[in-house]
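Here is the structure we will look at, set down as structure tokens.
The values are calculated or read from the model by the stated rules, or taken from the named source; none is laboratory data. Owing to the predicted nature of the structure, the values given are computational and were not obtained by experimental measurement. Neighbour counts are summed over all protein chains in view; Cβ atoms, including those assigned to glycine, are modelled from backbone coordinates with ideal geometry. Please note that ligands, DNA and RNA were not included when accessible areas were found on the heavy atoms of the full protein model with its side chains. Shrake-Rupley method; radii C 1.70, N 1.55, O 1.52, S 1.80 Å.
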Amino acid sequence: MALLRVQNLKIHFPVRGGWFGRSTDVIKAVDKVSFDVEEGSTVGLVGESGSGKSTVARALLKLTPVTGGSVTYRDREILNLSEHDFRPLRKEMQMVFQDPIGSLNPRMTVEAILAEPQQIHFKDKDREERAEVSASLLRKVGLPEDSLQRYPHEFSGGQRQRIGIARALAVQPKFLICDEPVSALDVSVQAQILNLLKDLQEEFQLTLLFIAHDLAVVRHMSDRVVVMHHGKVVEQGDANELCENPRHDYTRRLLDAVPHLA
Ligand code: ADP
Ligand code: MG
């Protein structure tokens, strides 16, 4: 059974234009997108900038209005759930963002950053218990223990992404959406973060939706790959098979664009 099933998902944004700013057109940011994510697997979502990947990710977390289609999680439709009913799933489905510095509050210590999601989702834990969880998270993501009292700007890009990953893990999610988690990092650091994600996936039995524009990175991470172009899925299948035997021109172009990993 698929843990997550996306069927015929459509997300259209109105474009204002013409006389008196009347709505004249729509951007089909996501157009009839369908894919499944099996429990414990990694599905890679790949496509160049603007192809609709982040919009899909946002829809899965109900962060953007959806024009049509269906998203089920454990066989339950989530698109029409109220915020109250979706709340337990907000804990189960966590996101790791591309830009850790933009997604980490610069005025919060790492301790506060890791405590915040726990305060929201584990109300019965006291401060000490939360601090214990935070300290253990730091070890899991390979940050020094004295990081807790420090601020995001005191860390390197790779370390900040480790903080972002620790924050996502703080509420014991089952499903992790990683939206270009290494795109802002130096190539030499990328592999470390990718391997960390793989190790954590195994340790916590996570299901991953891994988003990137680089097909080599996506192949390295994924069991299956979904290729998006202009809001549509042009091709999907087993990661190795799809990369060795691309059926669509656009996939071939993505493969040609791949910089070889150092
Ligand atoms: P990707 O993550 O693959 O780079 P996005 O999902 O961010 O692509 O964007 C897909 C398309 O949808 C782009 O053309 C983008 O400009 C458009 N888009 C995304 N969000 C909005 C929005 N809130 N309003 C209007 N257009 C949007
Ligand atoms: Mg994006």
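Across 30, 15, 226, mean-square fluctuation computed from a Gaussian network of the chain (C-alpha pairs under 10 Å connected) peaks at 15. Rounded to the nearest 20 debye, the dipole size of segment 109-172 about its Cα centre is 280 debye, using +1 on the Cβ of Lys and Arg and -1 on the Cβ of Asp and Glu. The slack in the chain from residue 258 to residue 149, taken as 0.36 nm per residue of separation less the alpha-carbon distance, amounts to 35.3 nm. Here segment 39-72 is scanned for amide nitrogen atoms under 13 Å from the site 7 Å beyond the Cα of residue 28 along Cα-to-Cβ, giving 68. Segment residue 1..residue 172, full-extension length gain: 59.4 nm, with 0.36 nm per residue of separation and the alpha-carbon distance subtracted.
Our Cα-only numbers for the chain put the radius of gyration and Dmax at 19.0, 60 Å.
Projecting the Cα atoms of 78, 218, 45 onto the charge dipole of the chain (Cβ charges, centred on the Cα centre) puts 78 farthest toward the positive pole. Here the chain carries DSSP beta bridges of which approximately 55% are antiparallel, counting only pairs with both residues inside. When the residues 167, 219 are ordered by accessible surface, computed with a 1.4 Å probe over the protein chains alone, the sequence from largest down reads 219, 167.
Each Lys or Arg adds one and each Asp or Glu takes one away; over the other residues whose Cβ falls under 10 Å from the Cβ of residue 140, this sums to 0.
Beyond 22 Å in Cα-Cα separation lie the following of the pairs 91/198; 32/62; 91/140; 10/91: 10/91.
For residue 220, the accessible area of its heavy atoms, probed at 1.4 Å with every protein chain present, is near 80 square angstrom.
Each part reduced to its alpha carbon centroid, segment 84-121 and segment 216-262 end up 30 Å apart. Taking every protein chain into account, the accessible area of the chain amounts to 50 square angstrom per residue (probe 1.4 Å). Here the relative contact order of the chain, from alpha carbon pairs under 8 Å that lie six or more residues apart, stands at 25 percent.
One compactness figure for segment 1-111 is 1.25, namely its Cα radius of gyration divided by 2.2 N^0.38 Å. With θ taken as phi - 60° and the Karplus curve 6.51 cos²θ - 1.76 cosθ + 1.60 applied, the whole-hertz 3J(HN,Hα) list for segment 175-184 is 10, 10, 9, 10, 9, 6, x, 10, 5, 8 Hz, x standing for glycine and proline. Which shape class applies to segment 82-160: rounded if a/c is under 1.5, otherwise prolate when a/b exceeds b/c and oblate if not, where a ≥ b ≥ c are the square roots of the Cα gyration tensor eigenvalues? Note, shape of segment 82-160 comes out oblate. Over segment 175-253, all Cα pairs binned in 5 Å intervals from 0 give whole-percent P(r) values of 3, 14, 25, 24, 19, 12, 3, 0, listed from short to long.
Residue 199 contributes an accessible area of around 100 Å² to the protein surface, as traced by a 1.4 Å probe with all chains present. The largest accessible area among 151, 73 belongs to the first residue in 151, 73, and the rest follow in falling order (1.4 Å probe, all chains). Can you tell me how segment 119-206 classifies by the Cα gyration tensor, rounded, prolate or oblate, using a/c under 1.5 as the rounded cut? Here segment 119-206 falls in the oblate category.
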